[in-house]
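Novice: Below you'll find the structure I mean.
The values are calculated or read from the model by the stated rules, or taken from the named source; none is laboratory data. Quick caveat, the model's predicted, so the values are computed rather than measured. Every residue, glycine among them, receives a Cβ derived from its backbone with ideal geometry; neighbour counts consider all protein chains shown.
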Amino acid sequence: MTLRLADIGARIEGVEQLGAVVNAMRGIAAARAQQARAQVEAVDSYAATIATAIGRALALMSSPPRRDAAEQDPPALIVFTAEQGFAGAFSERVLASLGDDLATSMLFLIGTRGASVLAERRIEPGWRGAMPSHSAGIPKLADQISEALYARIAKGEIVKLDVVFSQWEPGHAAGIQRLRLLPLDLTGFLNSVQAYPPLHNLAPADLLAGLTADYLHAQLCHAALHAFAAENQARMEAMAAARDQIARQLADLRAKERMVRQEEITAEVIELAAGAAASRS
């Protein structure tokens, strides 16, 4: 009986240690998600500034450049999946949203866990990278993605480009967003054209090319930050569920511990009573 009680005590200690780890992981995920959501606002403000500059640069050109893509051309896809574990089916939901495009499109995959899911399905992405552990590393990730994109665009391998990422909204489950990045619809920037021409020292075409590259970089940062925040939010929810399960398991173990201790006390009382009766006789 004593060994059984000791075993239960050891199990309780192990479960309590696991609970401490779960709470720590939940706290880290919450802090990272909150930081990423705050940085999204700064990136969106920067992108809006670049959009205004693009509109003013378009005013310098006699006719805005156009690059039409054939409808039958499948778009290349930048897909943000989970980098770390304990995020539930985060990566599976993102990949499931691609449908048939998953097998027919050129994939730029970000996320080690997503790469593992694709490996199980025998799908090899055209390029893959890792999501940084902190949101401060996302601009560098956007640089790496841009470099890989421009190399493929220069070869004529990419005509259309979409980005796919998860976006969490308060009070709602994370939704999957799919946005068109290329070809860039310049008509959407014409509303920001101001009456007076901007001062510039570059040719209008070169100025527009530089601004559109900056705008693409900002959009990549926007998608990556949302994906980073959504992954950590999913990890928070998974850790919350694990914490509830640990609480239930601890309650069961402590109830069992009390029952076993009571059985042990009862056995000792019976043994003492039997010994006293034997000594009297």
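Novice: Could you check how many residues of the stretch 145-184 are assigned to a strand (DSSP E or B) and either in contact with a Leu (Cβ under 8 Å, 6 or more places away or on another chain) or not polar (S, T, N, Q) (or both)?
Specialist: First, pick out the residues of the stretch 145-184 that are assigned to a strand (DSSP E or B): 161-167, 175-182.
Then drop every residue that is not either in contact with a Leu (Cβ under 8 Å, 6 or more places away or on another chain) or not polar (S, T, N, Q) (or both), which leaves 161-165, 175-176, 178-182.
Final tally of qualifying residues: 12.
Novice: Out of everything in the stretch 153-170 that is within 22 Å of Ala82 (Cβ to Cβ) and free of Cβ contacts under 8 Å to residues at least 24 places away in the same chain, what residue ends up being surrounded by the most Cβ atoms within 10 Å (Cβ to Cβ)?
Specialist: Among residues in the stretch 153-170 that are within 22 Å of Ala82 (Cβ to Cβ) and free of Cβ contacts under 8 Å to residues at least 24 places away in the same chain, the one surrounded by the most Cβ atoms within 10 Å (Cβ to Cβ) is Glu169.
Novice: Kindly indicate whether any position in the stretch 33-40 is among the aliphatic types (A, V, I, L, M), within 30 Å of Leu250 (Cα to Cα) and surrounded by 15 or more Cβ atoms within 10 Å (Cβ to Cβ). Even if it seems obvious, please write down each step before you answer.
Specialist: Of the stretch 33-40, the ones among the aliphatic types (A, V, I, L, M) are 33, 36, 38, 40.
From the residues that got through so far, the ones that are within 30 Å of Leu250 (Cα to Cα) too are 33.
Going one step further and asking which of them are surrounded by 15 or more Cβ atoms within 10 Å (Cβ to Cβ), we end up with 33.
Looking through the stretch 33-40, at least one residue is among the aliphatic types (A, V, I, L, M), within 30 Å of Leu250 (Cα to Cα) and surrounded by 15 or more Cβ atoms within 10 Å (Cβ to Cβ).
Novice: Using beta carbons and a limit of 7 Å, which pairs, at least six apart or on different chains, have the first residue in the stretch 252-272 and at pLDDT 85 or above and the second one surrounded by 10 or more Cβ atoms within 10 Å (Cβ to Cβ) and among the β-branched types (Val, Ile, Thr)?
Specialist: These pairs meet every condition: Leu253/Ile8; Leu253/Ile12; Leu253/Val15; Arg254/Ile12; Lys256/Ile8; Glu257/Ile8; Glu257/Ile12; Val260/Ile8.
Novice: Which ones in the stretch 174-197 are at pLDDT 65 or above and exposed (fewer than 12 other Cβ atoms within 10 Å of the Cβ)?
Specialist: Asp185, Thr187, Gly188
Novice: Can you go through Glu83, Glu92 and tell me which one is closer than 29 Å to Gln167 by Cβ, buried (at least 18 other Cβ atoms within 10 Å of the Cβ) and at pLDDT 90 or above?
Specialist: Numbers: Glu92 fails: buried (at least 18 other Cβ atoms within 10 Å of the Cβ).
Going through Glu83, Glu92 in turn, just one is closer than 29 Å to Gln167 by Cβ, buried (at least 18 other Cβ atoms within 10 Å of the Cβ) and at pLDDT 90 or above: Glu83.
Novice: Moving on. Any idea how many residues of the stretch 241-281 are of a type in the set (Gly, Ala, Ser) and either farther than 24 Å from Arg11 by Cα or in contact with a helix residue (DSSP H, G or I) (Cβ under 6 Å, 6 or more places away or on another chain) (or both)?
Specialist: First, pick out the residues of the stretch 241-281 that are of a type in the set (Gly, Ala, Ser): 241-242, 247, 251, 255, 267, 273-279, 281.
With either farther than 24 Å from Arg11 by Cα or in contact with a helix residue (DSSP H, G or I) (Cβ under 6 Å, 6 or more places away or on another chain) (or both) added as a condition, the list becomes 242, 273-279, 281.
Summing the residues that are of a type in the set (Gly, Ala, Ser) and either farther than 24 Å from Arg11 by Cα or in contact with a helix residue (DSSP H, G or I) (Cβ under 6 Å, 6 or more places away or on another chain) (or both) in the stretch 241-281 gives 9.
Novice: Would you mind stating whether Leu220 is more than 12 Å from the chain's Cα centre (by Cα), within 16 Å of Pro132 (Cα to Cα) and either touching a residue at least 60 places away in the same chain (Cβ under 8 Å) or part of a helix (DSSP H, G or I) (or both)?
Specialist: Working: more than 12 Å from the chain's Cα centre (by Cα): yes; within 16 Å of Pro132 (Cα to Cα): yes; either touching a residue at least 60 places away in the same chain (Cβ under 8 Å) or part of a helix (DSSP H, G or I) (or both): yes.
For Leu220, the condition - more than 12 Å from the chain's Cα centre (by Cα), within 16 Å of Pro132 (Cα to Cα) and either touching a residue at least 60 places away in the same chain (Cβ under 8 Å) or part of a helix (DSSP H, G or I) (or both) - is met.
Novice: State whether one or more residues within the stretch 123-134 are closer than 12 Å to Ile78 by Cα and surrounded by fewer than 17 Cβ atoms within 10 Å (Cβ to Cβ). It would help to see each step written out before you state the result.
Specialist: Here is the first cut: in the stretch 123-134, the residues closer than 12 Å to Ile78 by Cα are 125-129.
Then keep just the ones that are surrounded by fewer than 17 Cβ atoms within 10 Å (Cβ to Cβ); that gives 126.
Yes: one or more hits.
Novice: Moving to a separate point now. Name every residue in the stretch 99-152 that is closer than 19 Å to Ala87 by Cα and not hydrophobic (A, V, I, L, M, F, W, C), in order of residue number.
Specialist: Step one: filter the stretch 99-152 for residues closer than 19 Å to Ala87 by Cα, giving 109-120, 129-135.
Passing the criteria: Gly111, Thr112, Arg113, Gly114, Ser116, Glu120, Gly129, Pro132, Ser133, His134, Ser135.
Novice: Next up: Quick test for you: out of Arg66, Arg37, Arg113, pick the one residue that is assigned to a helix (DSSP H, G or I), of a type in the set (Lys, Arg) and modelled with pLDDT under 90. Spell out how you get there, then give the answer.
Specialist: Details: Arg66 fails: assigned to a helix (DSSP H, G or I); Arg113 fails: modelled with pLDDT under 90.
It is Arg37.
Novice: Tell me, which residue of the stretch 126-144 that is within 19 Å of the chain's Cα centre (by Cα) and not in a helix (DSSP H, G or I) is farthest from Asp214 (Cα to Cα)? Walk me through how you get there before you give the answer.
Specialist: Step one: filter the stretch 126-144 for residues within 19 Å of the chain's Cα centre (by Cα), giving 127-144.
Adding the requirement that they be not in a helix (DSSP H, G or I) leaves 127-134.
Numbers: Trp127: 21, Arg128: 22, Gly129: 20, Ala130: 22, Met131: 20, Pro132: 21, Ser133: 24, His134: 22 Å.
The extreme case among them is Ser133.
Novice: OK, next. Only one of (1) surrounded by fewer than 19 Cβ atoms within 10 Å (Cβ to Cβ); (2) farther than 23 Å from Ala38 by Cα is not met by Gly137, so which one is it?
Specialist: With (1) surrounded by fewer than 19 Cβ atoms within 10 Å (Cβ to Cβ); (2) farther than 23 Å from Ala38 by Cα applied to Gly137, the lone miss is (2).
Novice: Still on this structure: Kindly indicate which of Leu109, Leu118 is over 17 Å from Ala223 (Cβ atoms) and among the hydrophobic types (A, V, I, L, M, F, W, C). Let's see the steps before the verdict.
Specialist: Working: Leu109 fails: over 17 Å from Ala223 (Cβ atoms).
That would be Leu118, the only listed residue that is over 17 Å from Ala223 (Cβ atoms) and among the hydrophobic types (A, V, I, L, M, F, W, C).
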